[in-house]
Amino acid sequence: MKKAGIITGVVLVLLLALAGWFWFEFYFVFGEGVKAGELNYVVHKGYVFKTYEGRLIQAGYNSKNSTATIQSNEFKFSVASKAVADSLMRCTGKQVELHYNEYRGALPWRGVSEFVVDSIISVRYEPMVPTVPIY
């Protein structure tokens, strides 16, 4: 009888530890913030779980060497809300500010990225101005 109680206790402790790890890995918000840049695309894709995935292009200057060069960084993200994704699909090519939550791991039904956008802070249209005269 005592052996069954010990085994049950060990199994319960292991299940609780596994549940705690799963929550920490996939549901604990590790970080949150705002990213700004030009929205490149938002797509709805997937084989089993159809998720919304997007990419934001952040332009800036790289001044690590003696000559400043223009660089761009990509911010790949997932969108869990259909309403937010539909709004973002209409903003392609515009300057946007997006609020996101960062998780330690991605879940297949939430998206392929650890970064999940949950709201749009601002959208503005800034047409590209050529730096070299066009003839």
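The values are calculated or read from the model by the stated rules, or taken from the named source; none is laboratory data. Note that the coordinates shown come from a computational prediction; the quantities given were computed from them, not determined experimentally. Side chains included, ligands, DNA and RNA excluded: accessible areas come from the protein's heavy atoms. Shrake-Rupley method; radii C 1.70, N 1.55, O 1.52, S 1.80 Å.
Note that segment 95-101 has calculated 3J(HN,Hα) couplings of 7, 10, 10, 10, 8, 9, 10 Hz, one per residue in order, obtained from phi through the Karplus relation 6.51 cos²θ - 1.76 cosθ + 1.60 (θ = phi - 60°); glycine and proline are x.
Solvent exposure of the chain amounts to 71 Å² per residue of accessible area, where only protein heavy atoms count and the probe is 1.4 Å.
Compared with the direct C-alpha span, the chain from ALA83 to VAL10 gains 21.8 nm at full extension, assuming 0.36 nm per residue. Ligands, DNA and RNA left out, the 1.4 Å accessible surface of segment 1-41 is 76% carbon and sulfur atoms. In the chain, the ratio of gyration radius to Kirkwood radius, Rg to Rh, stands at 1.22 when only Cα atoms are counted. Working note: Cα gyration tensor of segment 9-62, eigenvalues times five, square-rooted, sorted largest first, giving semi-axes of 37, 18, 7 Å.
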